[in-house]
Amino acid sequence: MSEPSRLRRFFSAIWNGITRVRLALSNILFLLFIALVYFVYLGGGAEPPPERAALLLNLAGTVVDQKSQADPLQALLGEPAPEDHEVLLRDVIDAINFAATDPAVNSLVMELDNLVYLGISRAQEIAVALEAFKATGKPVVAVGDFFTQDQFLLASYADNIIVNPFGGVGLEGFASYRNYFRETLEKMSVNVHVFHAGEFKAIAEPFLRDDMSPGEKLITGRWLEVLWGQYAATVEAQRELPPGSVNTYVNDFSRLLDEQGGDTAALALQAGLVDELLDRDEANDYLAELVGATTEEGLYEAVLFEPYVRRMRPSQFKPVEGDRVAVITAEGNIVPGAQPPGTIGGDSLAHLISTTADSEGVGAIVLRVNSGGGSVFASEVIRRELLRTRALGIPVVISMGAVAASGGYYIAAEADEIWATPGTITGSIGVFAAIPTFERLLQRAGVYTDGVGTTDLAGSLRLDRPLNPEVAEAIRSGVDFNYRNFVQLVEEGRDLTPEQVDGLAQGRIWAAPDALEHGLLDGLGSLADAVAAAAARAGLEDYKVEYVSLPLSPRELLLQQLADRVGSLGLWTPPAITASVAALLAPVTDAAAELASLKDPRHIYVRCLACGAIR
C-alpha cells in the first residue's frame, strides 16, 4: 500500500490536533462545572469555624422579605450597584437567633456602612432578635464611618456605638415628596385621562395638579408623623435620652454643629447618639480585645452572618415533615400571570397557595405581604385562592411587612387574622385607571390620525386618538364597580359597617397603630407573632415552620445558589459615589418601574404610589 500523500498527512494532523483541543476543552469545562457545583453547594462550609468569634452583621444593599431573581453572571463578572444587592430579612434574624445560643459566638458586631435601605418595619423585626441576643449577656457593638438615618436606627440597639472621628450621624426625619406633571403634560400636549374612586386616592394628583392637595397632605402627614414618632422614641429609649432629644438634634442641627466647630462626630458624641470616636485601627483594636481573638492579619475574629446562617440552618433539600405552619412571601407589585421572585404574579402566587394548602401536614398558612398593590385582576385571583384555602379548613393569617396597602390590603382583608409591624403602612382602599393619549402632541408635529371602524368603539383605545366619551364612561363605571367591591369585601372580611369602612377607605393611607385602632388589623407584631397566631387557630402545639416558594428547575437552583454564594463573599465594596448617584436617580427609576408594572388587562388598578416612600 502506498503511503498517504504529504498534503493528506498535513490535514490529518490538523484534524487530530483540533480533536485533541476539543477533548481537552470539554474536560476542562467539565472540571470547571464540578468545581462550580462544589463551590455553590459545599464551598465555604468545610472550613471549621473559629473557636471564639463575633457574629458580623455586615449588611450591604437592601434588606428584603424575598430576593428578586438572581443574575449570576453579573455577580461573577460585574460590579453590582449597591441597591441591587439584596439581603434576606430572614437570614439576618435567623443568624442572630442561632448566634444567641452558640457558645463559639461571644458578641455581635454591626458594620452598616454599605447598608442602602432597611426601613423601620424590618428594623423592628430585627430588633426582636437583637434584644433576645443581648438578654444572653453577649455584647452588641455597632461600628461605622458615618451612620445614615436608616443605618442608625438598627445601630441604636447596640450596647456600644463607635463612629469614626471624621464621621457622624445624619438624621433628617421622614418625608414624602412627589413630582407633579400637570403643567409639563400641558406643555407637551399630552392628555392623561385618570379615573379614580376614593376621595384621597393620590394617584390622580401628579397628573391633575402642580402640588399636593391639602387633604392628601393631611393624610400623608399623619402616617409620617406616626412612623417618625416610632423612630425617635426607639432611638431615645435605646440611647437613654430625654424625650424630644432626636427632634432637637434634627431641628437645631446647624446651631448645635456650629457650637462644636463644625465637627459632626463630636456633635453626635455630645448629643449622646454615639459612645466613642475611634478610627478604623482603633476600632479594630477595641473589637479584638472584646472578642478575645484575632485573625492572622490582626483583624478581630468574626464570622459573616450569611455563610454562618447557611451552616447553621437545616438543609433546604431535606423535606419538612409533620405538622407545620407554611409561610409564603408575596413581595413586589401585583401583576397578572406567572412572575419571578420579587414580583407578585397573580397566577404564580395562587398556584403556590393552592399546592401548599393541598400538602399533607400543612395546618395553617401565613402569607407575608409586602406590596403597594397593582392589578385588580391579579389581586382578585389571589384573593379567591385564599378564600378557597380557608374553605378547606386551613387558617390563613396575614403578616404585613413594610407596606401592605391598596392591592396589598385587598388580598389580606378576608384572612382569619391580619398582623402588621408597628412600622407598617396599610389601607389605601381605592381604585384608579389611567390612560394617556398623544393626539395633540402628534398634531403639533404635523401627524394626524383618521380612518374608519365597523363599530362606534372600534379603534377607541388608540393612544393617537382622543379618548372616546363612551369608553371613558365605561372605564369610570368599571372603576366605581371595583371600588364598591373592594369596600364590600373589607366590610365582610373585617366585620365593619359601611359607614365605618367609608371613613377608613376613600384611598386613605394608615400607619399600623391607627389601622389597628380602626379595625383594619388584629394585632401588631412580627412574622413570628403571625405564625404563632396561625398555629393557635389551627390547634397546633408541636409544629414546625416551613418557608415555601415556587420550585426551581435544577438550572435555576444552581444559578440562584451561585448568585447567593458570590454575593455573600463580600467581593465588592460599593463606591460612595455610586450610592449617591443611585439615590439621586431613585425617583426616575421608581417611576419607570411603576409604569412598567401597569399590566392589568382592563387597565384598572389598586395601587398605592405614595407608599413608595416606605418600601
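Summary table below
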quantity: Boolean, VAL325 is under 25 Å from THR426 (Cβ atoms) and crowded, with 16+ Cβ neighbours inside 10 Å; calculated: yes
quantity: Test: residue in the range 441-449 that is surrounded by fewer than 24 Cβ atoms within 10 Å (Cβ to Cβ), touching a residue at least 60 places away in the same chain (Cβ under 8 Å) and of a type in the set (A, V, I, L, M, F, W, C); calculated: yes
quantity: Residues of the range 359-379 satisfying the condition of being farther than 17 Å from THR426 by Cβ and touching a residue at least 12 places away in the same chain (Cβ under 8 Å); calculated: SER359, GLY361, VAL362, GLY363, ALA364, ILE365, SER375, VAL376, PHE377, ALA378
quantity: Residue list for the range 497-512, restricted to those being surrounded by 19 or more Cβ atoms within 10 Å (Cβ to Cβ), on the phi < 0 side of the Ramachandran plot and either outside any helix (DSSP H, G or I) or under 27 Å from the mean Cα position of the chain (by Cα) (or both); calculated: LEU504, ALA505, ARG508, ILE509, TRP510, ALA511, ALA512
quantity: Residue in the range 307-318 that is more than 20 Å from SER68 (Cα to Cα) and touching a Ser or Thr at 6+ places or on another chain (Cβ under 9 Å) present; calculated: no
quantity: Candidate set: the range 402-419, residues that are part of a strand (DSSP E or B) and touching a Leu at 6+ places or on another chain (Cβ under 8 Å); chosen: the one farthest from ILE604 (Cα to Cα); calculated: TRP419
quantity: Residue check for ASP522: within 30 Å of the chain's Cα centre (by Cα) and within 26 Å of ASP91 (Cβ to Cβ); calculated: no
quantity: Of all residues in the range 295-311 being aliphatic (A, V, I, L, M) and surrounded by 16 or more Cβ atoms within 10 Å (Cβ to Cβ), the one that is nearest to ALA357 (Cα to Cα); calculated: VAL309
quantity: Count of residues meeting criterion [surrounded by fewer than 17 Cβ atoms within 10 Å (Cβ to Cβ) and in a helix (DSSP H, G or I)] in the range 198-223; calculated: 7
quantity: Close pairs (8 angstrom Cβ cut-off, 6 or more residues apart or separate chains): more than 14 Å from ILE604 (Cβ to Cβ) in the range 452-478, of a type in the set (Val, Ile, Thr) and part of a loop (DSSP other than H, G, I, E, B) anywhere; calculated: ARG462/THR449; ASP464/VAL447; ASP464/THR449; ARG465/THR449
quantity: Enumeration of residues in the range 159-186 that are aliphatic (A, V, I, L, M) and crowded, with 19+ Cβ neighbours inside 10 Å; calculated: ILE161, ILE162, VAL163, VAL169, LEU171
quantity: Some residue of the range 126-144 being over 18 Å from ASN97 (Cα atoms) and more than 19 Å from the chain's Cα centre (by Cα); calculated: yes
quantity: Filter result for the condition that a residue is small (Gly, Ala, Ser), part of a helix (DSSP H, G or I) and in the same structural domain as ASN482 (by TED's automatic domain parsing), over ALA364, ALA350; calculated: ALA350
quantity: Every residue from the range 8-29 that is modelled with pLDDT under 70 and either basic (Lys, Arg) or more than 46 Å from the chain's Cα centre (by Cα) (or both); calculated: ARG8, ARG9, PHE10, PHE11, ALA13
quantity: Meets criteria (over 30 Å from GLN66 (Cα atoms) and assigned by TED's automatic domain parsing to the domain that holds SER354) for ALA472; calculated: yes
quantity: Single condition LEU287 does not satisfy, out of (1) over 32 Å from the mean Cα position of the chain (by Cα); (2) surrounded by 17 or more Cβ atoms within 10 Å (Cβ to Cβ); calculated: (1)
quantity: Lone qualifier among ARG178, ARG182 - being within 23 Å of LEU118 (Cα to Cα), of a type outside the set (Asp, Glu) and touching a residue at least 24 places away in the same chain (Cβ under 8 Å); calculated: ARG178
quantity: Failed criterion for GLY342 (all others in (1) among the small types (Gly, Ala, Ser); (2) assigned by TED's automatic domain parsing to the domain that holds ILE96; (3) touching a Ser or Thr at 6+ places or on another chain (Cβ under 8 Å) hold); calculated: (2)
quantity: Count - residues of the range 249-269 that are surrounded by 14 or more Cβ atoms within 10 Å (Cβ to Cβ) and of a type outside the set (A, V, I, L, M, F, W, C); calculated: 4
quantity: Wholly within the range 84-151, strands (runs of 3 or more DSSP E) carrying at least 1 residues that are more than 26 Å from TYR286 (Cα to Cα); calculated: 86-88, 115-117
quantity: Residue check, PHE166 in contact (Cβ under 8 Å) with a residue 60 or more places away in the chain, in contact with a strand residue (DSSP E or B) (Cβ under 7 Å, 6 or more places away or on another chain) and of a type in the set (Phe, Trp, Tyr); calculated: no
quantity: Meets criteria (part of a helix (DSSP H, G or I) and modelled with pLDDT under 95) for VAL490; calculated: no
quantity: Odd one out for PHE195, checked against (1) within 30 Å of GLU473 (Cβ to Cβ); (2) part of a helix (DSSP H, G or I); (3) aromatic (Phe, Trp, Tyr); calculated: (2)
quantity: Tally of residues being surrounded by 19 or more Cβ atoms within 10 Å (Cβ to Cβ) and either among the basic types (Lys, Arg) or in contact (Cβ under 8 Å) with a residue 40 or more places away in the chain (or both) across the range 227-238; calculated: 5
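Okay, residues lined up against (1) in the same structural domain as ASP502 (by TED's automatic domain parsing); (2) acidic (Asp, Glu); (3) crowded, with 16+ Cβ neighbours inside 10 Å; (4) in contact with an Asp or Glu (Cβ under 6 Å, 6 or more places away or on another chain):
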{"position": "ILE418", "(1), (2), (3), (4)": "yes, no, yes, yes"}
{"position": "THR424", "(1), (2), (3), (4)": "yes, no, yes, no"}
{"position": "ILE429", "(1), (2), (3), (4)": "yes, no, yes, no"}
{"position": "ALA434", "(1), (2), (3), (4)": "yes, no, yes, no"}
{"position": "THR455", "(1), (2), (3), (4)": "no, no, no, no"}
{"position": "LEU467", "(1), (2), (3), (4)": "yes, no, yes, no"}
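The values are calculated or read from the model by the stated rules, or taken from the named source; none is laboratory data. It should be emphasised that the depicted structure is a prediction, and the values quoted were computed from it without experimental measurement. As a convention, Cβ positions derive from the backbone with ideal geometry for all residues, glycine included, and neighbour counts pool all protein chains shown.
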